[in-house]
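**Q** Below you'll find the structure I mean.
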Amino acid sequence: MVADDWEIDFNTAGLFKADCNDFYPGWEIAARAKELGLPLVFGSDAHATVEVGHAYHLFEKFSQKV
């Protein structure tokens, strides 16, 4: 049973790191979280105002596919 106050951070910062080139926590875990009813919460790990919302469109696309 999933706790009512749990959520998964869907972080796009990894998309812009050379050694990662993917979001966190990854496709499999994010898809499983959605199956379990855990909401995915967008995060861009912004350290500057220009980074706020970075790659939000990819989060929206992923959320629609899963």
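The values are calculated or read from the model by the stated rules, or taken from the named source; none is laboratory data. As the structure is a computational prediction, the values presented were derived from the model and not from experiment. No Cβ is skipped: glycine too gets one built from the backbone with ideal geometry, and neighbour counts run over all protein chains shown. The accessibility values were calculated without ligands, DNA or RNA, using every heavy atom of the protein model including side chains. Shrake-Rupley method; radii C 1.70, N 1.55, O 1.52, S 1.80 Å.
**Q** Rolling a 1.4 angstrom probe over the protein chains, ignoring ligands and nucleic acids, what is the accessible area of THR12 in square angstrom, nearest 10?
**A** 0
**Q** So what's the back-of-envelope 222 nm ellipticity for the chain, counting only DSSP H runs of four-plus at -39500 (n - 2.57) apiece and dividing by all residues, rounded to 500?
**A** -8500 deg cm²/dmol
**Q** Before I look further, what does the chain give for accessible area per residue, probe 1.4 Å, in whole square angstrom?
**A** 72
**Q** How many nm is it between the label spots at TRP27 and ASP5, if each spot is 7 Å from the Cα in line with the beta carbon?
**A** 3.5
**Q** In addition: Probe 1.4 Å, all protein chains in place: accessible area of ILE29 in Å², nearest 10?
**A** Estimated to the nearest 10 Å², ILE29 gives 100 Å².
**Q** Once the Cα atoms of region 1-41 are picked out, what are the Rg and Dmax in Å?
**A** Calculated on Cα positions, Rg and Dmax stand at 11.4, 37 Å.
**Q** Still on this structure, please answer the following. Among 34-42, 17-25, how do they line up from the highest to the lowest mean number of other beta-carbon atoms within 10 Å? Mind showing how you got there, number by number?
**A** Details: 34-42: 13.6, 17-25: 12.0.
Highest to lowest by the protection proxy: 34-42, 17-25.
**Q** For helix 56-65, report the angle its Cα long axis makes with the longest principal axis of the Cα atoms of the chain; keep it between 0 and 90° and round to the nearest 10°.
**A** Between the helix axis and the principal axis of the chain, the angle is about 30 degrees.
**Q** If the only charges are +1 at each Lys and Arg Cβ and -1 at each Asp and Glu Cβ, what is the size of the charge dipole of the chain around the Cα centre, to the nearest 20 debye?
**A** In total the dipole reaches around 260 debye.
**Q** Tell me, what ³J(HN,Hα) does each residue in region 8-18 have, in order and in whole Hz, if you take phi through Karplus 6.51 cos²θ - 1.76 cosθ + 1.60 with θ = phi - 60° and put x for Gly and Pro?
**A** Each residue of region 8-18 in turn: 10, 7, 9, 9, 8, 4, x, 4, 10, 10, 4 Hz.
**Q** Estimate the FRET efficiency between ALA48 and CYS20 by the formula 1/(1 + (r/R0)^6), using the beta-carbon distance for r and 25 Å for R0, to the nearest 0.05.
**A** The computed FRET efficiency comes out at 0.85.
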